[in-house]
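No lab work stands behind these numbers, since they all come straight from the coordinates. These figures come from a predicted structure and were not determined experimentally. Here the Cβ is made from the backbone with ideal geometry for all residues, glycine too, and neighbour counts use every protein chain on show.
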There are 2 protein chains.
Amino acid sequence: MAYELYYWTGIPGRGEFVRLALEQAGAAYVDISRNFKTMREGAPTLMAFMAGENLVHPPFAAPVLKDGDVVIGQTSAILLYLGDRHCLAPADPVERLWTHQIQLTIADLVGEAHDAHHPLGGNFWYHEQKDEARRRTEHFRGHRIPRFIGWLETILARNPAGPEFLVGGALTYADLSLFQAVEGLAYAFPKQLARTLAKTPLVAALRQRIAEQPRIKAYIESDRRQAFNTDGVFRHYPELDV
Amino acid sequence: MAYELYYWTGIPGRGEFVRLALEQAGAAYVDISRNFKTMREGAPTLMAFMAGENLVHPPFAAPVLKDGDVVIGQTSAILLYLGDRHCLAPADPVERLWTHQIQLTIADLVGEAHDAHHPLGGNFWYHEQKDEARRRTEHFRGHRIPRFIGWLETILARNPAGPEFLVGGALTYADLSLFQAVEGLAYAFPKQLARTLAKTPLVAALRQRIAEQPRIKAYIESDRRQAFNTDGVFRHYPELDV
């Protein structure tokens, strides 16, 4: 039975980390968000699913993966599940946990990328918090992006199996998440990311290596891959990328 | 060999979620933070450990658990590890993942509790962002706290094994994390939390049930348990709790 992915229509968002794992696995899945044209049109179905009173494991937020009777929320938990099932994580328990630790840290980076444009929270529009966003983003851009990407560079440099992938000698979901996070930053903060990647060649090379994986390449060239936009987690506001 | 816990001196912070699991497990551990009197005094040792060039799995941030040669960062990853080793998580893989999903969502709540007093980020002092904190906290207090705690109430109400614990019929690390998150909110936002808990009796009862676990009770009464303060993740600023 095909997986079902529940997420907001119209943005790559956190759902994209799940899509990349499903695509790399060659797994059959139904992306429920594609049944609708706009976020507004898709929201009632997503919210009704998450609020279903029959769910013993109700998710707090999207994305949500449904695998038959198993319903999983939290992007990193979904990837932990898919990693085991589709050889996207090492079997060794310590390496498996290390892969998850990297994923959780990338999730923190994604959270900070969101907060950069919404420091006062999701209940205010961006135009209502532009000045606060500018103040918050200065540090995110100049310190946090270099620190997160620099940490990933260190991991690659120290990988005993070589710098081709983050963990061991094979692709894991953490590599896919690195790719997506870097793509998001390249969209949102192109100037800052170019400065950072010039100093982190191993991360830059891994981003390219993931883009060239046959299934990822086919996915990116398909109409299933959605462009970043200013409704999503990663947003390009030129005034925030100086 | 005893575990070693590396964390900031002087605050319960995210390290406390790990301490509670270690205490409930009755595990031998050395809390490195206790070798020092102040955060400033402890910081060099913590930072030198995390920056160690010999670490194949360098952590991005504290807390960090060291178990012999295994070094683990990210609170939720540490709890995943301890849960398996000390019967603080179910053996069934779907229930084990569900426990972790709850933990990840509590971690999101903890992150939002931090951002409430530091919406512009950690590079500004609170007194430099008091107005922004007030604006952000209004929504956190009125909507996000009730939504997170209400979600935990729903989980308890739907647990097929009964509402005594979050997952199945036995205590897991997710219950300990619920306890700590509720304690933190009770310190930081006593007025709002009282309003919320009045509507979520199962969460209120679980908080009490955890406090009465013999090992947790002994820990709370010991000098190892640290009080919350305004250097930590949960902070009480009366102007933010109206």
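What number comes out for the charge environment of A:Asn229, summing +1 per Lys or Arg and -1 per Asp or Glu over other residues with Cβ under 15 Å away?
Numbers: positive: A:Arg14, A:Lys37, A:Arg40, A:Arg225, A:Arg235; negative: A:Glu16, A:Glu183, A:Asp231.
Its environment carries a net charge of +2.
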(Q) If I take the Cα coordinates of the stretch A:93-213 and project them onto the principal axes, what are the three extents in Å, biggest first? (A) 48, 30, 24
Q: Would you mind listing the distances between the B:Ser222 label point and the same position in each other copy? Use 7 Å along Cα-to-C-beta, nm, one decimal, shortest first.
A: 5.4
Q. With labels modelled as points extended 7 Å from the Cα through the Cβ direction, what inter-label distance (nm, one decimal) is found for A:Ala43 paired with B:Arg158?
A. 2.2
Q) Given just the C-alpha atoms of chain A, how large is their convex hull per residue in cubic angstrom? A) 126
(Q) Taking 56 Å as R0, compute the FRET efficiency from the Cβ-Cβ separation of A:Val94 and B:Lys130 and round it to 0.05. (A) 0.80
Q: For the stretch A:1-28 and the stretch A:98-133, write down the distance between their C-alpha centroids in whole Å.
A: 21
Q. At B:Arg147, with labels set 7 Å past Cα in the Cβ direction, how many nm apart are the copies from this one, shortest first?
A. 2.7
Q: Name the nearest-to-axis residue of chain A, judged by Cβ distance to the rotation axis taking chain A onto chain B, and quote that distance in whole Å.
A: A:Pro119, 2
Q) Averaged over peptide B:96-104, how many Cβ atoms belonging to another chain are found within 10 Å of each residue's Cβ? A) 6
Q) What is the pair-distance distribution P(r) of the protein assembly as shown, computed from all Cα-Cα distances in 10 Å bins starting at 0, with each bin given as a whole percent? A) 4, 19, 31, 30, 14, 2, 0
Q) Given the rule -39500 (n - 2.57) for each run of at least 4 DSSP H residues, summed and divided by the residues of chain B, what is its mean residue ellipticity at 222 nm, to the nearest 500 deg cm²/dmol? A) -16500 deg cm²/dmol
Q.
Taking just the alpha-carbon atoms of the stretch A:3-85, what radius of gyration and Dmax come out, in angstrom?
A. 11.9, 34
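Averaged over its residues, how many other protein chain Cβ atoms are within 10 Å of peptide A:157-165's Cβ atoms? It would help to have the intermediate numbers written out before the result.
Values: counts 0, 6, 1, 1, 0, 0, 0, 0, 0.
What the average comes to for A:157-165 is 1.
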**Q.** Shortest-first distances to equivalent copies, position A:Asn123, nm, label 7 Å out along Cβ
**A.** 2.8
Q: Identify, among A:Asn123, A:Thr230, A:Ile216, the residue whose Cα sits farthest towards the positive end of the charge dipole of the stretch A:110-242, taking +1 on the Cβ of Lys and Arg and -1 on the Cβ of Asp and Glu, with the dipole about the Cα centre.
A: A:Ile216
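Placing +1 at every Lys and Arg Cβ and -1 at every Asp and Glu Cβ, with all other atoms neutral, what dipole size does the protein assembly as shown have around its Cα centre, in debye to the nearest 20?
Numbers: 52 positive and 56 negative charges, 131 e Å.
Using Cβ point charges on Lys, Arg, Asp and Glu, the protein assembly as shown gives about 620 debye.
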**Q.** Equivalent ellipsoid dimensions for the stretch B:13-152 as semi-axes, Å, which come from the Cα gyration tensor, largest first
**A.** 28, 24, 12
